[in-house]
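The structure appears below as structure tokens.
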Amino acid sequence: MKAVLRLLTLPIRAVITVLIWICALLIRISGKIFGLASGLLFLLGLAVLTYSTKNALMVFALAFLVSPIGLPMIAVGLLSLLNAISNFLLIS
């Protein structure tokens, strides 16, 4: 019975594994791009700071969101959840 379930879930596991590889590659590439964008936004925030404190804080918040600690970390969490689902299918 367990062998039949493994055969039935094999295509699903294969698709999830390929999806995990693609997503991991995209996260790695986007992390580097977002890191550069975050640095530029931080410098822009420093320039805007002399003009308006409120606008500078908004730019700093945006810089934090696009930094590798912000939104890409949420993507890493979702990817680890997808990996856990794949491992669960592999075990069962």
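When all alpha-carbon pairs of the chain are counted, what percent fall beyond 15 Å? The share of Cα pairs beyond 15 Å in the chain comes to 67 percent. Qualifying chymotrypsin sites (Phe, Trp or Tyr not before Pro) in segment 11-92, where qualification requires a DSSP coil assignment and no more than 10 other C-beta atoms within 10 Å, comprise TYR51. For the pair LEU46 and THR17, the difference between a 0.36 nm per residue extended length and the Cα-Cα distance amounts to 6.2 nm. Among VAL76, VAL15, VAL48, sorting on how many other beta-carbon atoms sit within 10 Å of each Cβ, with the fewest leading, yields VAL15, VAL76, VAL48.
Where a number appears in this text, it was derived from the coordinates with a stated rule and is not lab data. It should be emphasised that the depicted structure is a prediction, and the values quoted were computed from it without experimental measurement. Positions of Cβ are generated from backbone atoms using ideal geometry, with glycine treated the same way; all protein chains shown enter the neighbour counts.
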